[in-house]
Amino acid sequence: MSRAVVVVAAGSGTRLGIGTAKAFVPVAGQLMLARALEPLFTLASPTLVVVVAPAALLDECRQVVASVAGAAASYTAVVPGGADRHGSVEAGLAVLPDSVASVLVHDAARCLTPASQFERVFDAVVGALVDGSGVGFVPALPVTDTIKRVSGAEVVETVDRAALVGVQTPQGFPLAALRQAYALSARAETDDAGVFQAAGGTVQVVPGDADAFKITTPWDLGRAESIVRSRSGSGSGSGSGSGSSVAEQTRFGLGVDVHAFDADSPCRVGLLDFPGEAGLSGHSDGDAVAHAVCDALLSAGGLGDIGGRFGTSDPAYAGATGDVFIRGAVDALAGAGLAPVSVTVQVIGNRPRIGTRRAEMQDALAAVVGAPVAVSGTTTDGLGFTGRGEGLAAIATAVVRPA
Ligand code: CTP
Ligand code: MG
(Lines give C-alpha, C1' and ligand atoms only; values in the text may rest on other atoms or scores of the structure.)
(Ligands and ions follow the chains in the order given, each with its own letter.)
Protein backbone atom coordinates (compact mmCIF):
# COMPACT_ATOMS: atom_id res chain seq x y z
CA MET A 1 0.00 0.00 0.00
CA SER A 2 1.61 3.23 -1.09
CA ARG A 3 -0.62 5.70 0.81
CA ALA A 4 -0.99 6.24 4.55
CA VAL A 5 -2.64 8.63 6.97
CA VAL A 6 -1.25 9.24 10.45
CA VAL A 7 -4.03 10.49 12.74
CA VAL A 8 -2.64 12.16 15.86
CA ALA A 9 -5.05 11.72 18.74
CA ALA A 10 -2.76 11.62 21.78
CA GLY A 11 -3.40 15.13 23.10
CA SER A 12 -4.90 15.73 26.50
CA GLY A 13 -7.40 18.42 25.52
CA THR A 14 -6.42 20.84 28.28
CA ARG A 15 -8.22 23.78 26.70
CA LEU A 16 -11.40 21.77 26.25
CA GLY A 17 -11.23 21.13 29.98
CA ILE A 18 -13.41 18.01 30.16
CA GLY A 19 -10.80 15.87 31.90
CA THR A 20 -10.89 13.19 29.20
CA ALA A 21 -8.32 12.94 26.41
CA LYS A 22 -9.83 15.11 23.68
CA ALA A 23 -10.17 12.43 21.00
CA PHE A 24 -12.28 10.37 23.42
CA VAL A 25 -14.82 13.12 24.05
CA PRO A 26 -18.21 12.48 22.43
CA VAL A 27 -19.32 14.84 19.66
CA ALA A 28 -23.11 14.58 19.31
CA GLY A 29 -23.13 11.00 20.59
CA GLN A 30 -20.05 9.61 18.81
CA LEU A 31 -16.43 9.84 19.94
CA MET A 32 -14.37 12.57 18.27
CA LEU A 33 -11.85 9.91 17.20
CA ALA A 34 -14.54 7.79 15.53
CA ARG A 35 -15.84 10.81 13.63
CA ALA A 36 -12.31 11.73 12.56
CA LEU A 37 -11.64 8.20 11.27
CA GLU A 38 -14.89 7.68 9.37
CA PRO A 39 -13.91 9.41 6.09
CA LEU A 40 -10.61 7.51 5.93
CA PHE A 41 -12.37 4.26 5.20
CA THR A 42 -14.34 5.71 2.31
CA LEU A 43 -11.31 6.85 0.27
CA ALA A 44 -10.96 5.73 -3.35
CA SER A 45 -7.55 4.05 -2.95
CA PRO A 46 -6.53 1.62 -0.20
CA THR A 47 -4.93 3.61 2.59
CA LEU A 48 -3.00 2.50 5.65
CA VAL A 49 -4.33 4.26 8.77
CA VAL A 50 -2.09 4.73 11.81
CA VAL A 51 -3.71 6.21 14.91
CA VAL A 52 -1.48 7.77 17.57
CA ALA A 53 -3.28 7.56 20.92
CA PRO A 54 -2.58 8.37 24.58
CA ALA A 55 -0.52 5.50 26.03
CA ALA A 56 -3.18 4.87 28.71
CA LEU A 57 -5.96 4.49 26.13
CA LEU A 58 -4.44 2.13 23.55
CA ASP A 59 -7.02 -0.62 24.07
CA GLU A 60 -9.93 1.83 23.92
CA CYS A 61 -8.39 3.29 20.78
CA ARG A 62 -8.08 -0.14 19.16
CA GLN A 63 -11.78 -0.76 19.83
CA VAL A 64 -12.78 2.54 18.26
CA VAL A 65 -10.58 1.92 15.22
CA ALA A 66 -11.91 -1.62 14.77
CA SER A 67 -15.52 -0.49 14.97
CA VAL A 68 -15.06 2.29 12.41
CA ALA A 69 -12.74 0.38 10.05
CA GLY A 70 -14.93 -2.73 9.78
CA ALA A 71 -13.58 -4.93 6.99
CA ALA A 72 -10.65 -2.55 6.44
CA ALA A 73 -9.34 -3.17 9.99
CA SER A 74 -6.30 -5.04 8.66
CA TYR A 75 -5.04 -1.73 7.22
CA THR A 76 -4.78 -0.07 10.62
CA ALA A 77 -2.31 0.30 13.45
CA VAL A 78 -2.48 2.00 16.85
CA VAL A 79 0.63 3.36 18.57
CA PRO A 80 1.26 5.41 21.74
CA GLY A 81 1.91 9.13 21.36
CA GLY A 82 4.67 11.43 22.53
CA ALA A 83 4.84 14.31 24.99
CA ASP A 84 3.79 16.82 22.32
CA ARG A 85 2.27 16.74 18.85
CA HIS A 86 5.73 16.64 17.30
CA GLY A 87 6.57 13.47 19.22
CA SER A 88 3.23 11.91 18.35
CA VAL A 89 3.70 12.50 14.63
CA GLU A 90 7.17 10.97 14.85
CA ALA A 91 5.71 7.91 16.61
CA GLY A 92 3.20 7.48 13.79
CA LEU A 93 5.73 7.96 11.00
CA ALA A 94 8.08 5.45 12.65
CA VAL A 95 5.72 2.49 12.17
CA LEU A 96 4.94 3.08 8.50
CA PRO A 97 6.44 0.58 6.06
CA ASP A 98 8.97 2.06 3.63
CA SER A 99 6.67 1.03 0.77
CA VAL A 100 4.46 4.02 1.66
CA ALA A 101 5.25 6.84 -0.76
CA SER A 102 2.69 9.49 0.28
CA VAL A 103 1.67 10.23 3.84
CA LEU A 104 -0.96 12.56 5.25
CA VAL A 105 -0.77 13.77 8.86
CA HIS A 106 -4.15 14.64 10.36
CA ASP A 107 -5.39 16.01 13.70
CA ALA A 108 -8.16 13.91 15.24
CA ALA A 109 -9.33 17.25 16.67
CA ARG A 110 -10.42 18.23 13.10
CA CYS A 111 -12.99 15.48 13.27
CA LEU A 112 -15.49 16.82 10.72
CA THR A 113 -12.96 17.04 7.88
CA PRO A 114 -14.69 15.61 4.79
CA ALA A 115 -13.24 12.73 2.74
CA SER A 116 -12.90 15.08 -0.23
CA GLN A 117 -10.21 17.04 1.63
CA PHE A 118 -8.13 13.85 2.13
CA GLU A 119 -8.56 13.00 -1.58
CA ARG A 120 -7.54 16.52 -2.60
CA VAL A 121 -4.35 16.46 -0.56
CA PHE A 122 -3.47 12.91 -1.65
CA ASP A 123 -4.05 13.80 -5.32
CA ALA A 124 -1.72 16.77 -4.98
CA VAL A 125 1.03 14.82 -3.20
CA VAL A 126 0.85 11.90 -5.63
CA GLY A 127 0.91 14.36 -8.58
CA ALA A 128 4.01 16.05 -7.17
CA LEU A 129 5.71 12.69 -6.71
CA VAL A 130 4.93 11.75 -10.30
CA ASP A 131 6.25 15.04 -11.67
CA GLY A 132 9.37 14.68 -9.51
CA SER A 133 8.93 17.91 -7.53
CA GLY A 134 8.20 16.15 -4.22
CA VAL A 135 6.28 19.18 -2.95
CA GLY A 136 4.21 19.00 0.27
CA PHE A 137 0.61 20.28 0.44
CA VAL A 138 -1.54 21.89 3.11
CA PRO A 139 -5.27 22.66 2.93
CA ALA A 140 -5.80 26.38 3.49
CA LEU A 141 -8.62 28.90 3.74
CA PRO A 142 -8.42 32.65 3.20
CA VAL A 143 -8.34 34.75 6.36
CA THR A 144 -11.61 36.67 6.69
CA ASP A 145 -11.01 38.79 9.80
CA THR A 146 -8.98 41.99 9.57
CA ILE A 147 -5.64 41.10 11.14
CA LYS A 148 -3.77 43.55 13.42
CA ARG A 149 -0.28 43.36 14.80
CA VAL A 150 -0.32 44.42 18.47
CA SER A 151 2.15 45.32 21.15
CA GLY A 152 0.45 44.69 24.48
CA ALA A 153 -2.93 46.42 24.17
CA GLU A 154 -1.81 48.76 21.43
CA VAL A 155 -2.49 48.16 17.76
CA VAL A 156 0.72 48.58 15.82
CA GLU A 157 -0.56 48.04 12.29
CA THR A 158 -3.01 46.22 10.07
CA VAL A 159 -1.46 43.19 8.37
CA ASP A 160 -2.31 42.69 4.69
CA ARG A 161 -4.54 39.64 4.87
CA ALA A 162 -4.43 39.05 1.09
CA ALA A 163 -1.14 37.24 1.63
CA LEU A 164 -2.41 35.19 4.60
CA VAL A 165 -4.21 31.88 4.86
CA GLY A 166 -5.24 29.67 7.76
CA VAL A 167 -3.99 26.12 7.34
CA GLN A 168 -5.66 22.90 8.37
CA THR A 169 -4.94 19.20 8.19
CA PRO A 170 -4.47 16.68 6.64
CA GLN A 171 -1.08 17.91 5.47
CA GLY A 172 0.53 15.67 2.86
CA PHE A 173 4.14 14.86 1.95
CA PRO A 174 6.40 12.24 0.40
CA LEU A 175 7.06 9.91 3.36
CA ALA A 176 10.85 9.67 3.02
CA ALA A 177 11.29 13.46 2.89
CA LEU A 178 8.92 14.06 5.83
CA ARG A 179 10.75 11.49 7.96
CA GLN A 180 14.04 13.15 7.15
CA ALA A 181 12.59 16.58 7.99
CA TYR A 182 11.34 15.33 11.38
CA ALA A 183 14.74 13.83 12.10
CA LEU A 184 16.36 17.24 11.46
CA SER A 185 13.72 19.36 13.22
CA ALA A 186 14.57 21.71 16.07
CA ARG A 187 10.96 21.13 17.29
CA ALA A 188 10.09 24.83 17.05
CA GLU A 189 7.51 24.33 14.28
CA THR A 190 3.79 24.14 15.01
CA ASP A 191 2.75 21.99 12.05
CA ASP A 192 4.10 19.36 9.70
CA ALA A 193 4.47 21.82 6.84
CA GLY A 194 6.66 23.94 9.11
CA VAL A 195 8.88 20.95 9.83
CA PHE A 196 9.04 20.07 6.13
CA GLN A 197 9.90 23.65 5.14
CA ALA A 198 12.52 24.06 7.86
CA ALA A 199 14.33 21.12 6.28
CA GLY A 200 14.30 22.85 2.89
CA GLY A 201 11.10 21.34 1.45
CA THR A 202 8.57 23.29 -0.63
CA VAL A 203 4.95 23.43 0.52
CA GLN A 204 1.94 24.54 -1.50
CA VAL A 205 -1.69 25.11 -0.55
CA VAL A 206 -4.84 23.37 -1.78
CA PRO A 207 -8.35 24.58 -0.90
CA GLY A 208 -9.39 23.80 2.66
CA ASP A 209 -12.90 23.28 4.03
CA ALA A 210 -14.71 25.20 6.74
CA ASP A 211 -15.80 21.91 8.34
CA ALA A 212 -12.15 20.95 8.89
CA PHE A 213 -11.87 23.40 11.81
CA LYS A 214 -10.05 22.21 14.92
CA ILE A 215 -11.97 21.55 18.11
CA THR A 216 -9.98 23.31 20.81
CA THR A 217 -12.42 25.01 23.18
CA PRO A 218 -15.89 24.15 24.51
CA TRP A 219 -17.31 26.64 21.99
CA ASP A 220 -15.71 24.63 19.13
CA LEU A 221 -17.26 21.46 20.53
CA GLY A 222 -20.70 23.10 20.55
CA ARG A 223 -20.17 24.23 16.96
CA ALA A 224 -19.21 20.70 15.87
CA GLU A 225 -22.28 19.27 17.61
CA SER A 226 -24.63 21.69 15.92
CA ILE A 227 -23.07 20.94 12.52
CA VAL A 228 -23.55 17.19 13.06
CA ARG A 229 -27.16 17.75 14.19
CA SER A 230 -27.98 19.96 11.25
CA ARG A 231 -26.51 17.35 8.89
CA SER A 232 -28.56 14.51 10.32
CA GLY A 233 -31.64 16.72 10.55
CA SER A 234 -31.42 17.46 6.83
CA GLY A 235 -30.47 13.93 5.82
CA SER A 236 -27.89 15.49 3.54
CA GLY A 237 -25.31 13.10 2.20
CA SER A 238 -27.55 10.10 2.67
CA GLY A 239 -30.12 11.11 0.10
CA SER A 240 -32.78 10.04 2.58
CA GLY A 241 -33.82 13.47 3.78
CA SER A 242 -37.28 14.88 3.20
CA GLY A 243 -37.74 16.82 -0.02
CA SER A 244 -38.23 20.10 1.77
CA SER A 245 -35.02 19.95 3.79
CA VAL A 246 -32.93 19.19 0.72
CA ALA A 247 -34.75 21.98 -1.11
CA GLU A 248 -33.92 24.32 1.75
CA GLN A 249 -30.25 23.55 1.25
CA THR A 250 -30.34 24.04 -2.51
CA ARG A 251 -28.35 27.07 -3.56
CA PHE A 252 -28.29 29.09 -6.75
CA GLY A 253 -25.39 30.84 -8.41
CA LEU A 254 -24.89 33.33 -11.21
CA GLY A 255 -21.88 33.93 -13.46
CA VAL A 256 -21.24 36.44 -16.25
CA ASP A 257 -18.20 36.71 -18.49
CA VAL A 258 -17.20 38.76 -21.51
CA HIS A 259 -14.21 38.48 -23.83
CA ALA A 260 -13.26 40.61 -26.82
CA PHE A 261 -12.73 38.97 -30.19
CA ASP A 262 -9.15 38.45 -31.30
CA ALA A 263 -8.92 37.31 -34.92
CA ASP A 264 -5.46 35.82 -34.31
CA SER A 265 -6.57 33.37 -31.60
CA PRO A 266 -8.27 30.02 -32.20
CA CYS A 267 -11.96 30.14 -31.29
CA ARG A 268 -12.96 28.05 -28.23
CA VAL A 269 -16.44 28.52 -26.85
CA GLY A 270 -18.23 26.20 -24.43
CA LEU A 271 -15.25 23.79 -24.49
CA LEU A 272 -15.65 23.33 -28.29
CA ASP A 273 -13.34 24.44 -31.10
CA PHE A 274 -14.88 26.56 -33.86
CA PRO A 275 -12.36 26.38 -36.74
CA GLY A 276 -12.40 29.39 -39.02
CA GLU A 277 -14.10 31.66 -36.45
CA ALA A 278 -12.39 34.60 -34.73
CA GLY A 279 -11.16 33.60 -31.27
CA LEU A 280 -11.45 35.46 -27.97
CA SER A 281 -8.69 37.31 -26.20
CA GLY A 282 -7.80 36.71 -22.58
CA HIS A 283 -5.13 35.46 -20.21
CA SER A 284 -6.56 31.95 -20.63
CA ASP A 285 -8.24 30.65 -23.79
CA GLY A 286 -10.95 33.34 -23.46
CA ASP A 287 -13.77 30.79 -23.28
CA ALA A 288 -16.42 33.14 -21.86
CA VAL A 289 -18.99 30.33 -21.67
CA ALA A 290 -16.76 28.07 -19.55
CA HIS A 291 -15.76 31.00 -17.35
CA ALA A 292 -19.37 32.04 -16.74
CA VAL A 293 -20.21 28.44 -15.80
CA CYS A 294 -17.23 28.35 -13.43
CA ASP A 295 -18.34 31.59 -11.75
CA ALA A 296 -21.95 30.41 -11.45
CA LEU A 297 -20.78 27.22 -9.70
CA LEU A 298 -18.45 29.09 -7.36
CA SER A 299 -21.08 31.69 -6.48
CA ALA A 300 -23.67 29.00 -5.75
CA GLY A 301 -21.31 27.65 -3.11
CA GLY A 302 -20.42 31.11 -1.81
CA LEU A 303 -16.86 30.27 -2.86
CA GLY A 304 -15.84 33.56 -4.46
CA ASP A 305 -15.07 33.93 -8.15
CA ILE A 306 -12.77 32.72 -10.88
CA GLY A 307 -10.35 35.66 -10.63
CA GLY A 308 -9.99 35.36 -6.87
CA ARG A 309 -9.59 31.59 -6.89
CA PHE A 310 -7.54 30.89 -9.99
CA GLY A 311 -5.67 34.22 -10.26
CA THR A 312 -6.14 35.53 -13.80
CA SER A 313 -2.55 36.81 -13.62
CA ASP A 314 -1.21 33.48 -12.33
CA PRO A 315 1.12 32.03 -14.97
CA ALA A 316 -0.16 28.57 -13.99
CA TYR A 317 -3.43 29.44 -15.76
CA ALA A 318 -1.97 31.20 -18.81
CA GLY A 319 -3.62 29.64 -21.84
CA ALA A 320 -5.59 27.25 -19.60
CA THR A 321 -8.61 25.72 -21.29
CA GLY A 322 -12.06 26.34 -19.84
CA ASP A 323 -12.45 22.83 -18.45
CA VAL A 324 -9.58 23.51 -16.00
CA PHE A 325 -11.58 26.29 -14.36
CA ILE A 326 -14.86 24.38 -14.30
CA ARG A 327 -13.13 21.34 -12.79
CA GLY A 328 -11.56 23.64 -10.19
CA ALA A 329 -15.00 25.00 -9.28
CA VAL A 330 -16.49 21.50 -8.99
CA ASP A 331 -13.58 20.45 -6.76
CA ALA A 332 -14.04 23.55 -4.60
CA LEU A 333 -17.74 22.75 -4.24
CA ALA A 334 -16.90 19.16 -3.28
CA GLY A 335 -14.53 20.56 -0.68
CA ALA A 336 -17.46 22.50 0.74
CA GLY A 337 -19.65 19.38 0.74
CA LEU A 338 -21.67 20.54 -2.29
CA ALA A 339 -22.39 19.06 -5.72
CA PRO A 340 -23.84 20.63 -8.89
CA VAL A 341 -27.47 19.76 -9.71
CA SER A 342 -27.82 21.67 -12.98
CA VAL A 343 -26.33 24.52 -14.95
CA THR A 344 -27.73 26.77 -17.66
CA VAL A 345 -25.69 29.10 -19.83
CA GLN A 346 -26.76 31.61 -22.45
CA VAL A 347 -24.27 32.70 -25.11
CA ILE A 348 -24.80 36.29 -26.24
CA GLY A 349 -23.26 37.40 -29.52
CA ASN A 350 -23.45 37.22 -33.31
CA ARG A 351 -20.81 34.54 -33.81
CA PRO A 352 -19.96 31.73 -33.50
CA ARG A 353 -23.41 30.29 -34.18
CA ILE A 354 -24.30 27.93 -31.36
CA GLY A 355 -27.45 26.36 -32.84
CA THR A 356 -26.01 23.40 -34.73
CA ARG A 357 -23.52 22.57 -31.98
CA ARG A 358 -25.74 23.11 -28.96
CA ALA A 359 -26.12 19.43 -28.02
CA GLU A 360 -22.38 18.83 -28.44
CA MET A 361 -21.60 21.84 -26.21
CA GLN A 362 -24.08 20.71 -23.57
CA ASP A 363 -22.48 17.25 -23.49
CA ALA A 364 -18.94 18.65 -23.28
CA LEU A 365 -19.84 20.96 -20.40
CA ALA A 366 -21.96 18.35 -18.59
CA ALA A 367 -19.06 15.88 -18.66
CA VAL A 368 -16.95 18.30 -16.63
CA VAL A 369 -19.71 19.72 -14.40
CA GLY A 370 -21.00 16.25 -13.56
CA ALA A 371 -24.64 17.41 -13.96
CA PRO A 372 -26.91 18.41 -16.85
CA VAL A 373 -26.01 21.66 -18.63
CA ALA A 374 -28.47 23.54 -20.84
CA VAL A 375 -27.03 25.88 -23.47
CA SER A 376 -28.91 28.58 -25.35
CA GLY A 377 -27.84 31.40 -27.63
CA THR A 378 -29.08 34.87 -28.46
CA THR A 379 -28.05 38.07 -30.22
CA THR A 380 -28.68 41.62 -29.05
CA ASP A 381 -30.35 42.87 -32.24
CA GLY A 382 -27.26 44.75 -33.40
CA LEU A 383 -27.03 46.72 -30.17
CA GLY A 384 -24.07 47.11 -27.83
CA PHE A 385 -20.64 45.47 -28.04
CA THR A 386 -22.14 42.08 -28.80
CA GLY A 387 -24.30 43.57 -31.54
CA ARG A 388 -21.30 45.34 -33.08
CA GLY A 389 -19.38 42.05 -33.05
CA GLU A 390 -16.68 43.30 -30.68
CA GLY A 391 -16.98 40.51 -28.18
CA LEU A 392 -18.91 37.59 -26.79
CA ALA A 393 -20.80 37.49 -23.49
CA ALA A 394 -22.15 34.55 -21.51
CA ILE A 395 -24.49 34.39 -18.53
CA ALA A 396 -24.76 31.19 -16.51
CA THR A 397 -26.79 29.96 -13.56
CA ALA A 398 -25.99 26.98 -11.39
CA VAL A 399 -27.94 25.01 -8.81
CA VAL A 400 -25.98 23.09 -6.18
CA ARG A 401 -26.98 21.00 -3.18
CA PRO A 402 -25.27 19.14 -0.34
CA ALA A 403 -23.24 16.27 -1.81
N1 CTP B 1 -1.65 15.64 19.83
C2 CTP B 1 -1.00 14.43 19.96
N3 CTP B 1 -0.05 14.26 20.93
C4 CTP B 1 0.25 15.26 21.79
C5 CTP B 1 -0.40 16.51 21.66
C6 CTP B 1 -1.35 16.69 20.65
O7 CTP B 1 -1.28 13.50 19.21
N8 CTP B 1 1.14 15.02 22.72
C9 CTP B 1 -2.69 15.79 18.79
C10 CTP B 1 -4.06 16.07 19.41
O11 CTP B 1 -4.66 14.86 19.82
C12 CTP B 1 -4.81 16.76 18.31
C13 CTP B 1 -3.70 17.44 17.52
O14 CTP B 1 -2.46 16.90 17.96
O15 CTP B 1 -5.51 15.88 17.46
C16 CTP B 1 -3.73 18.95 17.71
O17 CTP B 1 -3.46 19.27 19.06
P18 CTP B 1 -4.38 20.17 20.00
O19 CTP B 1 -5.58 20.65 19.27
O20 CTP B 1 -3.49 21.13 20.71
O21 CTP B 1 -4.95 19.06 21.02
P22 CTP B 1 -4.57 18.84 22.53
O23 CTP B 1 -3.12 18.94 22.71
O24 CTP B 1 -5.24 17.58 22.92
O25 CTP B 1 -5.34 20.06 23.25
P26 CTP B 1 -4.73 21.09 24.31
O27 CTP B 1 -3.56 21.75 23.61
O28 CTP B 1 -5.87 22.01 24.60
O29 CTP B 1 -4.30 20.28 25.48
MG1 MG C 1 -2.04 20.87 22.31
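If only residues of the stretch 150-179 that are assigned to a strand (DSSP E or B) and among the aliphatic types (A, V, I, L, M) are counted, the one that is nearest to V100 (Cα to Cα) is V167. Check whether at least one residue in the stretch 32-41 is in contact with a strand residue (DSSP E or B) (Cβ under 6 Å, 6 or more places away or on another chain), within 16 Å of ligand 1 (Cβ to nearest atom) and part of a loop (DSSP other than H, G, I, E, B), and report yes or no. No, the stretch 32-41 has no match at all.
Rundown of residues vs (1) open to solvent by 30 Å² or more (accessible area, probe 1.4 Å); (2) touching a Leu at 6+ places or on another chain (Cβ under 9 Å), yes/no style:
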{"site": "Q117", "(1), (2)": "no, no"}
{"site": "D123", "(1), (2)": "yes, no"}
{"site": "S133", "(1), (2)": "yes, no"}
{"site": "V138", "(1), (2)": "no, no"}
{"site": "T146", "(1), (2)": "yes, no"}
{"site": "V156", "(1), (2)": "yes, no"}
{"site": "V165", "(1), (2)": "yes, yes"}
{"site": "L184", "(1), (2)": "yes, no"}
{"site": "E189", "(1), (2)": "yes, no"}
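Restricting attention to the stretch 248-267, and to residues there that are open to solvent by 70 Å² or more (accessible area, probe 1.4 Å) and in a loop (DSSP other than H, G, I, E, B), which single residue is modelled with the highest pLDDT? Among them, the one singled out is P266.
V65 satisfies every condition listed in (1) touching a Gly at 6+ places or on another chain (Cβ under 6 Å); (2) of a type in the set (V, I, T); (3) away from ligand 2 (no atom under 16 Å from the Cβ) except (1). Only residues that are surrounded by fewer than 19 Cβ atoms within 10 Å (Cβ to Cβ), touching a strand residue (DSSP E or B) at 6+ places or on another chain (Cβ under 7 Å) and under 15 Å from V5 (Cβ atoms) were counted across the stretch 54-78, and they come to 3. For the stretch 306-317, the set of residues classified as touching a residue at least 12 places away in the same chain (Cβ under 8 Å) and within 14 Å of P207 (Cβ to Cβ) consists of I306, R309, F310, listed by residue number. Here G127, G132, G166 are screened, and the one residue that is out of contact with any Asp or Glu (no Cβ under 9 Å at 6 or more places or on another chain), on the phi > 0 side of the Ramachandran plot and not assigned by TED's automatic domain parsing to the domain that holds A332 is G132.
Cβ-Cβ distances below 7 Å connect the following pairs, each with a first residue in the stretch 376-400 that is of a type in the set (D, E), a second residue that is open to solvent by 20 Å² or more (accessible area, probe 1.4 Å) and assigned to a strand (DSSP E or B), and a separation of six or more residues or different chains: E390/A260; E390/F261. Within the stretch 1-25, restricting attention to residues that are within 10 Å of ligand 1 (Cβ to nearest atom) and part of a strand (DSSP E or B), the residue that is most open to solvent (accessible area, probe 1.4 Å) is V8. Against the condition in a helix (DSSP H, G or I) and within 16 Å of ligand 2 (Cβ to nearest atom), how does H86 come out, does it pass? So H86 passes the test.
When A44, A10, A28 are screened for being of a type outside the set (V, I, T), in the same structural domain as R179 (by TED's automatic domain parsing) and within 15 Å of ligand 2 (Cβ to nearest atom), only A10 passes.
Could you check, for the stretch 147-167, whether at least one of its residues is within 28 Å of E38 (Cβ to Cβ), away from ligand 1 (no atom under 16 Å from the Cβ) and either among the polar types (S, T, N, Q) or without any contact (Cβ under 8 Å) to a residue 40 or more places away in the chain (or both)? No, every residue in the stretch 147-167 fails to be within 28 Å of E38 (Cβ to Cβ), away from ligand 1 (no atom under 16 Å from the Cβ) and either among the polar types (S, T, N, Q) or without any contact (Cβ under 8 Å) to a residue 40 or more places away in the chain (or both). Considering L112, L104, L93, the condition of being hydrophobic (A, V, I, L, M, F, W, C), open to solvent by less than 60 Å² (accessible area, probe 1.4 Å), touching a Ser or Thr at 6+ places or on another chain (Cβ under 9 Å) and within 16 Å of ligand 1 (Cβ to nearest atom) is satisfied by L104 alone. Checking every residue in the stretch 180-196 against the condition of being in a loop (DSSP other than H, G, I, E, B), in contact with a Phe, Trp or Tyr (Cβ under 8 Å, 6 or more places away or on another chain) and at negative phi gives zero matches. Of the residues that make up the stretch 119-137, is at least one touching a residue at least 60 places away in the same chain (Cβ under 8 Å) and within 16 Å of ligand 1 (Cβ to nearest atom)? Taking every residue of the stretch 119-137 in turn, none turns out to be touching a residue at least 60 places away in the same chain (Cβ under 8 Å) and within 16 Å of ligand 1 (Cβ to nearest atom). Just a yes or no: is a residue in the stretch 80-88 out of contact with any Ser or Thr (no Cβ under 7 Å at 6 or more places or on another chain), more than 12 Å from ligand 1 (Cβ to nearest atom) and without any contact (Cβ under 8 Å) to a residue 40 or more places away in the chain? No - not one qualifying residue is present in the stretch 80-88. Among the criteria (1) over 26 Å from L184 (Cβ atoms); (2) within 15 Å of ligand 2 (Cβ to nearest atom); (3) out of contact with any Ser or Thr (no Cβ under 7 Å at 6 or more places or on another chain), the one R15 does not fulfil is (3).
The values are calculated or read from the model by the stated rules, or taken from the named source; none is laboratory data. Note that the structure is a prediction, hence the values are computed from the model and not measured. Note that we place each Cβ from the backbone using ideal geometry, even for glycine, and neighbour counts take in every protein chain shown. Ligands, DNA and RNA are stripped out before the accessible areas are found, and what is left, the full protein with its side chains, is counted by its heavy atoms. Shrake-Rupley method; radii C 1.70, N 1.55, O 1.52, S 1.80 Å.
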